[in-house]
Every structure is written in C-alpha cells, then in structure tokens.
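Asks: Following this message is one structure expressed as structure tokens.
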Amino acid sequence: MPTSIAREEVQRLMREEAAQLVEVLPTQEYQDEHIEGSINLPLKRLDRETAGRLDDNRPVIVY
Amino acid sequence: MSPRAAARLESLGFTKVFDYVEGKADWFAAGLPREGRLASVPRTGDIARRDDVTCRLTDRISDVVNRVREVGKETCIVTTAGNVVLGRVRIDRLEGDTQALAEDVMESGPTTTRADITLESILERLSARDVDTILVGTSDGRLVGTLYRSDVESSLNEGKLEAGQPAEDEVCCCCEP
C-alpha cells in the first residue's frame, strides 16, 4: 500500500534520498506546468516499459 | 489519479512508492518552484503582500489595535501558532470593549483564495464582488498574505505593456472609429 505524504515529506525525500518526482497527469497538463524537477509518466501509459525510466533503488513520489 | 499510479508502480515491483495526494496545486500554492509553458504567468501568491499583522485568539484587543496602528494597517489576521487563518479583526469596526479578546470580536472564516490562481481570474472575482483585498492562503489553510486589487490591476497592465499592448487605462474607449 503506497504511503500518502505531504509537501514537507516530499521535500525531505527529494533532498535526502534523491527521490524521483513523477507527474502522472496527461502530457498537456505537464507541459503547461509542473513541479520543478519532475518527470511525466501519464497514468494511461504507465507500464513496465515506461516505468523503466525510473530507478527502482530510489523512492518514487507520484502526484 | 495518483493513488492508482502508485498502486500500478508497486505492481511493477517498485517498493518505495509515495503518493503526494495534494500534488502540484499544493506545491504551487506554497510558492515553490514550477516549470512549464505557463510557469512564468504571475499568480496570486506571487504578488500578495506579506506584511499582514497577525494575532492569536487570546490576544487582548487593546494590544492588537496598538500593533495594527503602529504599522498603519486596518486589520489583523487571527491565526493559529501554525499560521492557519481563523479570522480577521477590522480595527475600524471595533466598538468599545478594549478588554475583549481577538476571538470575541473577530470575523470568523474570512474568504481566502489559493496562491496559484491567475491574476485575470482573481481580478474577475474581486470585481464581481466589488472588494479591494482578499487573503491568500495555502491549500492547508496557512496565510500567505493579502492580495490588493490595485496590485493585480497594476501587474496585469505591466504585463500588457511588456507584451506591447496598450495598458487598461490607455485604451481609448470613446474614439471615433
């Protein structure tokens, strides 16, 4: 079960554990505006291949 | 959407998955860095003035009045120790009892807007309600500052000037065609 976290914990994980921040909204919304440093993996295209962009040794934070 | 994405990543074998449920609305509302095509469009949080006088529920109103007048303001925002907005005290509407506490005389739950609203959008709301200021807060209720309608209008006009368009007060509305 994924853990829900708040902004302060997001910042801590990014700072201390090199967490990867992933926007799962559609590409258009990502291109309009996204959190600095995040990557885009739209939910509709999320599969083993696209998730291959992520390092499974580091925390992954989705929003 | 993010809970489903988090569950999907776990099903793909990722073991350290976290869900930032409040997402970018919360991030932007806190004034944190953003990127993208619209990232440079100014928002309410960018131009809100951050010089509000704040007080606690149990502050004596005579002290609050002194603090507010010292800095030439008219209101005090009542907040928790964590800066969550609870109410507002308008000094010019107080009647008599200087021994009262802020809690006794405050207006509860003043209207706030989020810090990531575009200036065009907030100007429409302010104009429709004919108000000159509105509090700006984060998605978890914390005070960012006060947004002045005049600042919104100035900022939008500056944007138009930079874009080579006539500012609002320079548009001739009564010229012969």
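The values are calculated or read from the model by the stated rules, or taken from the named source; none is laboratory data. Remember, predicted model here, so these are calculated numbers, not experimental data. Note: ideal-geometry Cβ built from the backbone for every residue, glycine included; neighbour counts use all protein chains shown. Side chains are part of the model used for accessible areas, which takes the heavy atoms of the whole protein and leaves out ligands, DNA and RNA. Shrake-Rupley method; radii C 1.70, N 1.55, O 1.52, S 1.80 Å.
Asks: Across segment A:13-48, what is the total count of residues that are assigned to a loop (DSSP other than H, G, I, E, B) and either facing chain B (nearest Cβ under 10 Å) or closer than 15 Å to B:Y20 by Cβ (or both)? Outline the logic, then answer.
Replies: Filtering segment A:13-48 for residues assigned to a loop (DSSP other than H, G, I, E, B) gives A:18-19, A:24-26, A:33, A:36-38, A:41-42, A:46-48.
Then drop every residue that is not either facing chain B (nearest Cβ under 10 Å) or closer than 15 Å to B:Y20 by Cβ (or both), which leaves A:19, A:24-26, A:33, A:36-38, A:41-42, A:46-48.
Of the residues in that region, 13 qualify.
Asks: Still on this model: Give the residues of segment A:13-48 that are without any contact (Cβ under 8 Å) to a residue 12 or more places away in the chain and out of contact with any Asp or Glu (no Cβ under 7 Å at 6 or more places or on another chain), sorted by residue number.
Replies: A:R15, A:E16, A:Q28, A:E29, A:Q31, A:D32, A:E33, A:R45, A:D47, A:R48
Asks: Residue check: is A:L21 surrounded by 18 or more Cβ atoms within 10 Å (Cβ to Cβ), in contact with a Lys or Arg (Cβ under 8 Å, 6 or more places away or on another chain), within 12 Å of B:S2 (Cα to Cα) and at pLDDT 95 or above?
Replies: On the way: surrounded by 18 or more Cβ atoms within 10 Å (Cβ to Cβ): yes; in contact with a Lys or Arg (Cβ under 8 Å, 6 or more places away or on another chain): no; within 12 Å of B:S2 (Cα to Cα): yes; at pLDDT 95 or above: yes.
The answer is no for A:L21.
Asks: Just to check your reading of the model, which residue among B:V17, B:V53 is more than 14 Å from every other protein chain (Cβ to nearest Cβ) and modelled with pLDDT of 95 or more?
Replies: Being more than 14 Å from every other protein chain (Cβ to nearest Cβ) and modelled with pLDDT of 95 or more holds for just one of B:V17, B:V53, which is B:V53.
Asks: Could you list, in sequence order, all residues of segment B:64-79 that are open to solvent by 60 Å² or more (accessible area, probe 1.4 Å) and in a loop (DSSP other than H, G, I, E, B)? Give the derivation first.
Replies: Initial filter on segment B:64-79 (open to solvent by 60 Å² or more (accessible area, probe 1.4 Å)): B:66-67, B:69-72, B:74.
Listed by number, the residues that qualify are B:V71, B:G72, B:E74.
Asks: On to the next question. Looking at segment B:80-123 only, could you name the residues that are hydrophobic (A, V, I, L, M, F, W, C), more than 20 Å from B:D59 (Cβ to Cβ) and not in a loop (DSSP other than H, G, I, E, B)?
Replies: First, the residues of segment B:80-123 that are hydrophobic (A, V, I, L, M, F, W, C): B:81, B:84-86, B:89, B:91, B:94, B:100-102, B:105-106, B:115, B:117, B:119, B:122-123.
If we keep only those that are more than 20 Å from B:D59 (Cβ to Cβ) too, we end up with B:115, B:117, B:119, B:122-123.
The answer is B:L119, B:I122, B:L123.
Asks: Which residues, counting only those in segment B:29-45, are touching a Ser or Thr at 6+ places or on another chain (Cβ under 9 Å), at the interface with chain A (Cβ under 7 Å from one of its Cβ atoms) and not in a strand (DSSP E or B)?
Replies: Listed by number, the residues that qualify are B:A30, B:L38.
Asks: Would you point out the residue of segment B:126-139, among those that are under 12 Å from the mean Cα position of the chain (by Cα) and open to solvent by 10 Å² or more (accessible area, probe 1.4 Å), that is nearest to B:T112 (Cα to Cα)?
Replies: Only one residue tops the list, namely B:I134.
Asks: Kindly check whether there is at least one residue in segment B:17-28 that is open to solvent by 40 Å² or more (accessible area, probe 1.4 Å) and within 21 Å of B:T133 (Cβ to Cβ).
Replies: No, every residue in segment B:17-28 fails to be open to solvent by 40 Å² or more (accessible area, probe 1.4 Å) and within 21 Å of B:T133 (Cβ to Cβ).
Asks: Could you list, ordered by first residue, the pairs with Cβ atoms under 8 Å in which the first is in segment A:49-62 and more than 7 Å from chain B (Cβ to nearest Cβ) and loosely packed, with under 13 Cβ neighbours inside 10 Å and the second is in a strand (DSSP E or B) and not aliphatic (A, V, I, L, M), at least 6 apart or interchain?
Replies: A:D55/A:Q20
Asks: What are the residues in segment B:34-46 that are open to solvent by less than 40 Å² (accessible area, probe 1.4 Å) and over 21 Å from B:T79 (Cα atoms), if any?
Replies: Just the residues of segment B:34-46 that are open to solvent by less than 40 Å² (accessible area, probe 1.4 Å), to begin with: B:36, B:39, B:43-45.
Across segment B:34-46, the qualifying residues are B:G36, B:A39, B:R43.
Asks: Here's a follow-up. Just the residues that are more than 17 Å from B:A5 (Cβ to Cβ) and of a type in the set (A, V, I, L, M, F, W, C), please, taken from segment A:1-18. Please lay out each step first, then the result.
Replies: First, pick out the residues of segment A:1-18 that are more than 17 Å from B:A5 (Cβ to Cβ): A:6-9, A:11-12, A:14-18.
Correct list: A:A6, A:M14, A:A18.
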